[in-house]
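This report refers to the structure that appears directly beneath it.
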Amino acid sequence: MSRSLPLRLVLASASPARRKTLQAAGIEPDVLVSGVDESLVVTDRAEELCLELARLKAQAVLTRLRPSDDQRTLVIGCDSVLEFDGGIFGKPADAAEAVRRWKRMRGRSGVLYSGHCLVDIVAGRRAEAVASTTVHFADISDDEIATYVATGEPLAVAGAFTIDGLGGPFVERIEGDPGTVVGLSLPLLRRLLAELDLRITDLWTKVTPGNQSVEPLA
């Protein structure tokens with residue numbers, strides 16, 4: 001298929017962190033929230049869970065889009081879960097659960113998995129994979145846990161933490177791609193695009209100085 005058609009990337013996620021990750025890499029996505037009920041998928045395998053949810057999110061958004069003759073539309077669905085101590089942690093149900101998790105996680109390590117499902121609507125092709133990163137948590141105090149949970153940030157993210165916000169100081173180090181922890185791995189996205197005969201540079205955009213309009217790079 002010709003690369004002459006302009007590319008449109010639709011992010012099937014409400015996550016500001018995923019959108020900012022793409023924007024920082026020169027990609028301006030459209031955002032359509034999937035509305036998928038994450039409780040529908042039941043499995044004890046973290047990799048299987050996050051990939052199936054990524055598929056469902058991409059598919060839910062696909063049903064709301066139509067192929068266009070003047071652009072090539074791609075949809076990326078993502079989902080993240082933390083595998084810790086033999087269990088799977090998505091977003092905590094409430095503040096009390098977030099506190100309990102942090103009291104277990106502090107001073108220890110877990111593996112953050114992020115499933116990615118990329119679909120080319122026009123070509124009818126799909127590429128998908130899971131990225132993983134080991135996260136080493138700081139041995140933080142009860143007071144730090146309570147203060148952090150009170151901000152509300154841990155309630156909105158898988159594993160009750162993030163490294164690109166207030167939770168950053170509470171992660172001692174990671175082994176792997178930081179984007180995986182944020183929820184979207186750019187190196188993995190590049191590889192998935194290549195499977196669809198595309199380059200990540202095909203998605204680069206630029207912002208016109210002085211305003212918010214975005215145009216494709218030549």
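The trypsin sites (Lys or Arg not before Pro) of segment 85-120 that DSSP puts in a loop, and whose beta carbon has at most 14 other beta carbons within 10 Å, are Arg108. Within segment 1-133, antiparallel bridges make up roughly 75 percent of the DSSP beta bridges whose residues both belong there.
Among the trypsin sites (Lys or Arg not before Pro) within segment 55-95, those in coil by DSSP and having at most 15 neighbouring Cβ atoms inside 10 Å are Arg64.
Reducing segment 28-75 and segment 171-192 to their Cα centroids gives an inter-centroid distance of 19 Å. Taking the helices alone, the chain has a mean residue ellipticity at 222 nm of -8500 deg cm²/dmol, built from -39,500 (n - 2.57) per DSSP H run of at least 4 residues and averaged over all its residues. With the chain treated as a Gaussian network of Cα nodes joined by springs under 10 Å, which of Ser114, Ser132, Ser15 yields the largest mean-square fluctuation? For the chain, modelled as a Gaussian network with Cα springs under 10 Å, the answer is Ser15. Using just the C-alpha positions of the chain as equal point scatterers, what log10 of I(q)/I(0) does the Debye formula give at each q in 0.08, 0.12 1/Å? So the normalised log intensities are -0.30, -0.64. Rounded to the nearest 20 debye, the dipole magnitude of segment 39-89 is 360 debye, with +1 charges on Lys and Arg beta carbons, -1 on Asp and Glu beta carbons, and the Cα centre as origin.
When the charge dipole of the chain is built from unit charges on Cβ atoms (+1 for Lys and Arg, -1 for Asp and Glu) and taken about the Cα centre, the candidate among Leu184, Trp102, Leu32 whose Cα reaches farthest toward its positive end is Leu32.
Scalar couplings 3J(HN,Hα) for segment 147-155, obtained by applying the Karplus form with A = 6.51, B = -1.76, C = 1.60 to θ = phi - 60°, are 5, 5, 4, 5, 6, x, 4, x, 6 Hz; x denotes Gly and Pro.
Taking the accessible area of segment 117-196, probe 1.4 Å, and keeping the other protein chains in place, the carbon and sulfur fraction comes to 50%. Modelled label positions at Arg108 and Arg173, each set 7 Å beyond Cα in the direction of Cβ, lie 2.1 nm from each other. Placing +1 on each Lys and Arg Cβ and -1 on each Asp and Glu Cβ, with no other charges, gives the chain a dipole about its Cα centre of roughly 480 debye. A cut-off of 5 Å between modelled amide H atoms, ignoring neighbours fewer than 5 places along the same chain, links Val31 with Leu11. Taking the charge dipole of the chain about its Cα centre, with +1 at Lys and Arg Cβ atoms and -1 at Asp and Glu Cβ atoms, the residue from Gly152, Val171, Leu56 reaching farthest to the positive side is Leu56. Rounded to the nearest 20 debye, the dipole size of segment 83-208 about its Cα centre is 220 debye, using +1 on the Cβ of Lys and Arg and -1 on the Cβ of Asp and Glu. The modelled label-to-label distance for the pair Gln71/Arg191, using points 7 Å beyond Cα in the direction of Cβ, is 2.9 nm. Length gained on full extension, Asp37 to Ser141: 34.1 nm, using 0.36 nm per residue less the C-alpha separation.
The values are calculated or read from the model by the stated rules, or taken from the named source; none is laboratory data. Note that this is a predicted model, so its numbers are computed, not measured. Note that each Cβ is placed from the backbone with ideal geometry, even for glycine, and that neighbours are counted across all protein chains shown. In case anyone asks, the SASA skips ligands and DNA or RNA and just uses the protein heavy atoms, side chains included. Shrake-Rupley method; radii C 1.70, N 1.55, O 1.52, S 1.80 Å.
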